[in-house]
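*Asks:* This is the structure I want to talk about, given as structure tokens.
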Amino acid sequence: MASLLAGCSSGLPPAASVEPSPVPGVALPYKARVMIYMGETDLNRNLVIQISRYQTEETKVKDGQALANAARALLSKGFQQAEINDPALRPQIVVRLIGKTSWARLDTRFKIGCGIDAWTSDGVPLGNFTTRWESPVENDYASDLEAAYGQCLKKPLDDLLRSPGLAQQAGTGFKSGSAAAIDTWMRSLGPIPTRR
């Protein structure tokens, strides 16, 4: 059945078309640079699907890449600039993504848990924003994955954009700590893979 669905998109809107909810008193995007951090293992993770009650199958669909691409599309609506694993951006905010997808042949719908952990570039926590999302329609796991992550990430992004911690940082003009503090904290994330 999974092979029959290939190329039959459900019509979920692309992640790039998902708009954040308005933030009272704020003209989006925030004037801040955001680095989306994903480790090598997470970035290169393939999607695993449920093909029967007791059997799973690893696909060639890049689950981690789809999550990263959807996050970049959404975060680019909330912030002036958002890039994946690019410390040369001199980010003022760093986010780590959370994403876990379930798709089964039985119902061919996504059930996704996703979220955003956010900090200033010198390690001040801004919050952990998570949610669960279930597709109301049948999906093609290959062509609809990035769009599904876009639907899931909307609420965490809205929650981040309205958070008191982010408002406080915006009030300071997104000023960061010392270069030494930034370097120390960014190293604590682990190796930052180069985007292919």
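The values are calculated or read from the model by the stated rules, or taken from the named source; none is laboratory data. Everything numeric in this text was worked out from a predicted model, so none of it was measured. Positions of Cβ are backbone-derived with ideal geometry, glycine not excepted, and every protein chain shown enters the neighbour counts.
*Asks:* All but one of (1) assigned to a helix (DSSP H, G or I); (2) crowded, with 19+ Cβ neighbours inside 10 Å hold for Leu97; which doesn't?
*Replies:* Result: Leu97 passes all but (1).
*Asks:* Could you say whether any residue in the range 144-161 is touching a strand residue (DSSP E or B) at 6+ places or on another chain (Cβ under 8 Å), modelled with pLDDT under 90 and not β-branched (Val, Ile, Thr)? Lay out the reasoning, then the answer.
*Replies:* First pass over the range 144-161, keeping only residues touching a strand residue (DSSP E or B) at 6+ places or on another chain (Cβ under 8 Å): 145, 148-149, 151-153, 155-157, 159-161.
Subsequent filtering for residues that are modelled with pLDDT under 90 retains none.
No, the conditions are met nowhere in the range 144-161.
*Asks:* Which is of a type in the set (D, E, K, R), at pLDDT 90 or above, assigned to a strand (DSSP E or B) and closer than 20 Å to Thr108 by Cβ, of Lys60, Lys31?
*Replies:* The unique qualifying residue is Lys60.
*Asks:* Confirm whether Ile36 is assigned to a strand (DSSP E or B) and free of Cβ contacts under 8 Å to residues at least 60 places away in the same chain. Outline the logic, then answer.
*Replies:* Details: assigned to a strand (DSSP E or B): yes; free of Cβ contacts under 8 Å to residues at least 60 places away in the same chain: no.
Spelling it out, it is not the case that Ile36 is assigned to a strand (DSSP E or B) and free of Cβ contacts under 8 Å to residues at least 60 places away in the same chain.
*Asks:* A further question on this structure: Taking the range 116-143, which residues are in contact with a strand residue (DSSP E or B) (Cβ under 9 Å, 6 or more places away or on another chain), closer than 21 Å to Asn46 by Cα, surrounded by 18 or more Cβ atoms within 10 Å (Cβ to Cβ) and not hydroxyl-bearing (Ser, Thr, Tyr)?
*Replies:* Ile116, Trp133, Ala142, listed by residue number.
*Asks:* Residues Gly113, Gly123: which one is within 30 Å of Gly190 (Cα to Cα) and in a loop (DSSP other than H, G, I, E, B)?
*Replies:* Working: Gly113 fails: in a loop (DSSP other than H, G, I, E, B).
Only one candidate passes the filter, namely Gly123.
*Asks:* Additional query: Check whether at least one residue in the range 16-28 is outside any loop (DSSP other than H, G, I, E, B), surrounded by 14 or more Cβ atoms within 10 Å (Cβ to Cβ) and either on the phi < 0 side of the Ramachandran plot or within 18 Å of the chain's Cα centre (by Cα) (or both), and report yes or no.
*Replies:* So in the range 16-28, the residues outside any loop (DSSP other than H, G, I, E, B) come out as 16-17.
Still in the running and surrounded by 14 or more Cβ atoms within 10 Å (Cβ to Cβ): 16.
Right, trim to either on the phi < 0 side of the Ramachandran plot or within 18 Å of the chain's Cα centre (by Cα) (or both) and you get 16.
So far as the range 16-28 goes, yes, one or more of its residues are outside any loop (DSSP other than H, G, I, E, B), surrounded by 14 or more Cβ atoms within 10 Å (Cβ to Cβ) and either on the phi < 0 side of the Ramachandran plot or within 18 Å of the chain's Cα centre (by Cα) (or both).
*Asks:* List the residue pairs whose Cβ atoms are under 9 Å apart, where the first residue sits in the range 53-73 and is free of Cβ contacts under 8 Å to residues at least 12 places away in the same chain and crowded, with 20+ Cβ neighbours inside 10 Å, the second is charged (D, E, K, R) and not in a helix (DSSP H, G or I), and the two are 6 or more positions apart or on different chains.
*Replies:* Once the first residue is free of Cβ contacts under 8 Å to residues at least 12 places away in the same chain and crowded, with 20+ Cβ neighbours inside 10 Å and sits in the range 53-73, no partner that is charged (D, E, K, R) and not in a helix (DSSP H, G or I) comes close enough.
*Asks:* Continuing with the same structure: Sort through Val18, Val26, Val95 and tell me the only one that's within 25 Å of Pro191 (Cβ to Cβ) and β-branched (Val, Ile, Thr).
*Replies:* Details: Val18 fails: within 25 Å of Pro191 (Cβ to Cβ); Val26 fails: within 25 Å of Pro191 (Cβ to Cβ).
Result of the check over Val18, Val26, Val95: Val95.
*Asks:* Need at least 1 residues that are crowded, with 22+ Cβ neighbours inside 10 Å and touching a residue at least 40 places away in the same chain (Cβ under 8 Å) per element, so show me which helices (runs of 4 or more DSSP H) inside the range 145-196 make the cut, counting only ones lying wholly within it.
*Replies:* 145-161, 164-171
*Asks:* Let me ask something else. Which condition from (1) crowded, with 19+ Cβ neighbours inside 10 Å; (2) hydroxyl-bearing (Ser, Thr, Tyr); (3) over 15 Å from Asn139 (Cα atoms) is the one that Ser76 breaks?
*Replies:* (1)
*Asks:* Tally up the residues in the range 68-101 that are among the small types (Gly, Ala, Ser), at pLDDT 95 or above and closer than 17 Å to Gln151 by Cβ, please. Show your work before the answer.
*Replies:* Going residue by residue through the range 68-101, those that are among the small types (Gly, Ala, Ser) are 68, 70-71, 73, 76, 78, 82, 88, 99.
Next cut, at pLDDT 95 or above only: 68, 70-71, 73, 76, 78, 82.
Checking which are closer than 17 Å to Gln151 by Cβ leaves us with 68, 70-71, 73, 76, 78.
Of the residues in the range 68-101, 6 are among the small types (Gly, Ala, Ser), at pLDDT 95 or above and closer than 17 Å to Gln151 by Cβ.
*Asks:* Here's something else I'd like to know. Give Arg72, Arg45, Arg96, Arg90 a once-over and let me know the one that is farther than 19 Å from Cys152 by Cβ and charged (D, E, K, R). Let's see the steps before the verdict.
*Replies:* Details: Arg72 fails: farther than 19 Å from Cys152 by Cβ; Arg45 fails: farther than 19 Å from Cys152 by Cβ; Arg96 fails: farther than 19 Å from Cys152 by Cβ.
From the options Arg72, Arg45, Arg96, Arg90, the qualifying one is Arg90.
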